[in-house]
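Since the structure comes first, as structure tokens, the remarks are kept for the end.
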There are 2 protein chains.
Amino acid sequence: MRNIKLFLQFDGAAFHGFQQQPNGDTVEAQLKKALSRLLGEACTVYGCSRTDAGVHANEFCCNFKTQSDRDCDKLLQGLNAVLPPQISVLSCAQAPESFHARYDCRAKEYAYCIWNGRTRNPFLLQRALFHPFPLDVAFLNEQAQDFVGTHDFSAFCASGASTKTSVRTIERCSVVRTGELVTFTVCGNGFLYHMVRIMVGTLLDLQRGKLPPGSIPSILRSADRTRAGVTAPAEGLYLNRVFYDEGSLSDGSEG
Amino acid sequence: MRNIKLFLQFDGAAFHGFQQQPNGDTVEAQLKKALSRLLGEACTVYGCSRTDAGVHANEFCCNFKTQSDRDCDKLLQGLNAVLPPQISVLSCAQAPESFHARYDCRAKEYAYCIWNGRTRNPFLLQRALFHPFPLDVAFLNEQAQDFVGTHDFSAFCASGASTKTSVRTIERCSVVRTGELVTFTVCGNGFLYHMVRIMVGTLLDLQRGKLPPGSIPSILRSADRTRAGVTAPAEGLYLNRVFYDEGSLSDGSEG
């Protein structure tokens with residue numbers, strides 16, 4: 001059996017997340033349908049992450065095993081021809097037999113986009129949170145540095161999650177403005193259910209004074225979900241990059 | 001009667017162009033519906049341009065007359081609340097009684113976006129032409145300079161147009177690459193039916209060798225539509241800026 005690794009990009013607005021489910025269209029369901037059509041096999045697909053309904057991906061990794069000896073470049077072209085246009089296969093390559101898109105993922109980078117204009121941007125519908133109130137990016141960036149490090153992120157995790165531990169390490173994060181677009185970027189070794197969206201909601205609560213400046217360390221220590229901010233909408237969230245020991249798509253070692 | 005000037009931004013994918021028509025939803029129809037709801041009056045709306053179905057606008061100007069003394073800022077907020085989210089009102093201001101969005105428009109700038117990646121960009125569906133073949137931007141930019149000046153653009157006009165003269169002046173144009181996004185920008189005092197889209201189709205034909213380098217001057221002189229290239233799809237076209245003697249939105253004299 002060959003083990004094939006794909007990097008995908010998708011507009012999440014059309015899907016109920018990556019992972020297949022009984023109700024609603026998903027990226028995984030579309031991918032399995034396309035693979036079955038191209039290869040005549042039912043393939044099991046392993047995704048690097050589940051992603052919520054409406055969440056986008058600039059880079060998403062998954063793998064599947066196949067009996068087929070189809071050339072990877074032909075497979076990439078075939079998949080892009082039969083997949084819906086909201087999903088693009090960026091690269092397709094054979095991986096070591098043991099490669100697993102989820103277990104081998106060393107780190108993930110998420111971006112959360114906020115349109116901070118006075119009026120809605122029609123080109124960012126379902127692609128960014130529209131927030132027409134003042135955002136002090138220097139203040140937000142400073143507050144966000146309290147996420148960096150190894151912490152118990154229970155306070156930043158929606159109920160219903162089923163992970164063994166809620167300790168995660170955030171390597172870096174930043175809040176940057178480009179014109180009216182404000183982007184929160186965060187990179188870490190793993191993320192709990194809704195974690196990035198609660199981080200963003202907490203930053204917005206800090207901005208509007210609902211939480212006092214410097215609250216993040218005590219919210220983390222409390223491990224109490226009710227102490228953190230609201231869950232920001234899915235539409236602004238992008239899985240931006242995924243990192244593996246054998247290289248990522250973005251560093252040019254793939255594709 | 002007050003004369004009110006609006007600057008709009010809209011995602012054209014949802015509309016059959018600006019101008020109202022019996023079949024299909026249009027930006028003008030939505031605007032008239034919103035004005036009637038807010039002001040309780042049937043307003044006539046004068047747009048700076050018709051725009052084809054699927055064409056976008058980063059800046060579009062229109063005006064209407066009203067009996068209402070509604071504050072312009074309140075009107076802007078009201079319009080943005082009732083218009084579909086694919087249309088955004090960027091500014092709303094009182095104009096001189098004689099102002100006419102079409103007749104007073106001194107120049108227009110269009111941008112045509114081409115996604116020149118190897119694979120489709122899911123975030124640019126209906127927002128750019130997907131063209132996965134090599135584009136030499138320096139060559140295209142050089143060829144495009146032949147459009148600059150005052151010419152009879154009959155060869156770059158679709159049949160069915162009803163204008164008195166087909167002479168137009170192009171002030172400047174350029175072809176620029178930003179990563180995998182290639183943008184053709186053109187500014188002139190007026191544009192014929194499908195003119196920008198035929199200009200782009202001609203540049204693509206020059207790139208693929210279907211037309212010899214340096215053909216544009218002779219195509220212009222021929223005044224023969226069959227000598228120019230194909231009409232590029234509407235989805236990549238944006239009305240980018242509109243210029244008036246009393247200032248434009250982009251130069252900060254409005255909004």
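The values are calculated or read from the model by the stated rules, or taken from the named source; none is laboratory data. This structure is a prediction, so every number in the text was calculated from the model and none was measured. Methodologically, a virtual Cβ is constructed for each residue, glycine included, from the backbone with ideal geometry; neighbour enumeration extends over all protein chains shown. Heads up: the accessible areas ignore ligands, DNA and RNA and are worked out on the full protein's heavy atoms, side chains in. Shrake-Rupley method; radii C 1.70, N 1.55, O 1.52, S 1.80 Å.
Along the charge dipole of the protein assembly as shown, Cβ charges K/R +1 and D/E -1, which of A:Ser166, B:Gln126, B:Ala111 sits furthest on the positive end?
Projecting each Cα onto the dipole axis, the largest value belongs to B:Gln126.
What's the total accessible area buried between chains B and A, using a 1.4 Å probe, rounded to the nearest 100 Å²?
Accessible area lost upon association: around 1900 Å².
Peptide B:114-123: average number of partner chain Cβ atoms within 10 Å per residue?
6
Find out how many positive minus negative residues lie around A:Cys187, taking Lys and Arg as positive, Asp and Glu as negative, among other residues whose Cβ is under 11 Å from that of A:Cys187.
Net charge in that neighbourhood comes out at +2.
Let's see if you can work this out: charge +1 on each Lys and Arg Cβ, -1 on each Asp and Glu Cβ, no other charges. What is the dipole magnitude of the protein assembly as shown about its Cα centre, in debye to the nearest 20?
The dipole of the protein assembly as shown has a size of about 760 debye.
Around A:Leu204, with a cut-off of 13 angstrom between Cβ atoms, what is the net charge of the other residues, counting Lys and Arg +1 and Asp and Glu -1? Don't skip to the end; give the middle numbers.
Working: positive: A:Arg197, A:Arg208, A:Lys210; negative: A:Asp136, A:Asp205.
The answer is +1.
Per q in 0.11, 0.21 Å⁻¹, report the Debye log10 I(q)/I(0) for region A:1-104, using one uniform scatterer on each alpha carbon and no solvent.
Log10 of I(q)/I(0), two decimals: -0.28, -1.10.
Does region A:91-219 classify as rounded, prolate or oblate by the C-alpha gyration tensor (a ≥ b ≥ c root eigenvalues; a/c under 1.5 gives rounded; else a/b over b/c gives prolate, otherwise oblate)? Let's see the in-between values first.
Details: a/c = 2.18, a/b = 1.35, b/c = 1.61.
Oblate shape, in that a/c is at least 1.5 and b/c is the bigger or equal ratio.
Which of rounded, prolate, oblate describes the protein assembly as shown, given a ≥ b ≥ c as roots of the alpha-carbon gyration tensor eigenvalues and a/c under 1.5 marking rounded, otherwise prolate only if a/b is larger than b/c?
Values: a/c = 2.31, a/b = 1.34, b/c = 1.72.
Verdict is oblate for the protein assembly as shown.
Where a Cα-Cα gap under 30 Å defines reach, which lysines qualify for B:Lys108, not counting those fewer than 8 residues away within the same chain?
B:Lys108 reaches B:Lys5, B:Lys32, B:Lys33, B:Lys65, B:Lys74, B:Lys164, B:Lys210.
Over what distance in Å are the Cα centres of region A:71-134 and region B:68-120 separated?
31 Å
Is it possible to state the helix-based mean residue ellipticity at 222 nm for chain B, with each DSSP H run of 4+ residues giving -39500 (n - 2.57), the sum divided by total residues, to the nearest 500 deg cm²/dmol? What is it?
-6000 deg cm²/dmol
Among A:Ala42, A:Phe139, B:Val182, whose Cα sits farthest toward the positive end of the charge dipole of the protein assembly as shown (+1 at Cβ of Lys/Arg, -1 at Cβ of Asp/Glu, about the Cα centre)?
A:Ala42
Net charge around B:Ala81, counting only other residues with Cβ within less than 11 Å of its Cβ (Lys, Arg = +1; Asp, Glu = -1)?
Computed value for this residue: +3.
Give me log10 I(q)/I(0) at q = 0.09, 0.10, 0.14 Å⁻¹ for chain A, Debye formula, one equal scatterer per alpha-carbon, no solvent.
Reported log10 I(q)/I(0), two decimals: -0.42, -0.51, -0.95.
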